[in-house]
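The values are calculated or read from the model by the stated rules, or taken from the named source; none is laboratory data. No experiment lies behind these values; they were computed from the predicted model shown. Cβ coordinates were reconstructed from backbone atoms using ideal geometry, including for glycine residues, and neighbour counts include every protein chain displayed.
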Amino acid sequence: MDLTVLSDADLSAFIKTIHEARFPALENDPAIWAAPFVVRLHVELIAEHERRLAGQGAGEVARLHSWLVWRGREEHESVLRRIRGNPALRGLVRDNPAVMRDLLRPFVVDDDLLVEFADAAESAGDGGNRR
């Protein structure tokens, strides 16, 4: 999809639409938030937004990069609930916590958060009874 043809307003609306579809306040279809096509589209939209911001100066790009850091995001609890409530995802995260980096793209997920996601998967898998 050629995102360069979108107006700035349309690009912004498209980014918000994809973001809301992936990380809604209320739970949605689990196939949406981590679908490879949707994740890839989200990444491409953010990349186009970043390309446009580069023309406005380094400060705008830095603000976008700061927004993309997962730490402290309001969507975090929703993702933890998804991990705890989905046995297949729980197993995937327990076996390979780094998979969350791919599932949450375009956001940046640090190693401490990977540990937290793995802990959530582990504790949900044992009924919440951690040592």
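Structure values in brief
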quantity	calculated
Checklist (1) part of a helix (DSSP H, G or I); (2) assigned by TED's automatic domain parsing to the domain that holds Ser7 applied to Ala121, failing item	(2)
Residue in the stretch 63-71 that is of a type in the set (S, T, N, Q) and at pLDDT below 90 present	no
Top-ranked residue in the stretch 1-18 [being assigned to a helix (DSSP H, G or I) and either in contact with a Phe, Trp or Tyr (Cβ under 6 Å, 6 or more places away or on another chain) or of a type in the set (Gly, Ala, Ser) (or both); ranked as farthest from Asn86 (Cα to Cα)]	Ala9
Pairs, first in the same structural domain as Phe37 (by TED's automatic domain parsing) and at pLDDT 95 or above in the stretch 12-24, second part of a helix (DSSP H, G or I) and surrounded by fewer than 19 Cβ atoms within 10 Å (Cβ to Cβ), C-beta under 9 Å, six or more apart	Phe14/Leu3; Phe14/Leu41; Ile15/Glu48
Neighbours by Cβ (under 8 Å, 6+ apart or cross-chain): first from the stretch 36-59, assigned by TED's automatic domain parsing to the domain that holds Phe23 and farther than 14 Å from Leu3 by Cα; second outside any helix (DSSP H, G or I) and not polar (S, T, N, Q)	Val39/Arg105
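Condition check ((1) part of a loop (DSSP other than H, G, I, E, B); (2) of a type in the set (Phe, Trp, Tyr); (3) under 27 Å from Asp112 (Cβ atoms)) across all residues:
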{"residue": "Glu20", "(1), (2), (3)": "no, no, yes"}
{"residue": "Pro24", "(1), (2), (3)": "yes, no, yes"}
{"residue": "Val43", "(1), (2), (3)": "no, no, yes"}
{"residue": "Glu60", "(1), (2), (3)": "no, no, no"}
{"residue": "Leu64", "(1), (2), (3)": "no, no, yes"}
{"residue": "Val79", "(1), (2), (3)": "no, no, yes"}
{"residue": "Ala88", "(1), (2), (3)": "no, no, yes"}
{"residue": "Leu92", "(1), (2), (3)": "no, no, yes"}
{"residue": "Pro97", "(1), (2), (3)": "yes, no, yes"}
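Okay, residues lined up against (1) over 20 Å from Phe37 (Cα atoms); (2) in contact (Cβ under 8 Å) with a residue 24 or more places away in the chain:
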residue	(1), (2)
Gly72	yes, no
Arg81	yes, yes
Asn86	yes, yes
Gly91	yes, yes
Arg94	yes, yes
Asp102	no, yes
Phe107	no, yes
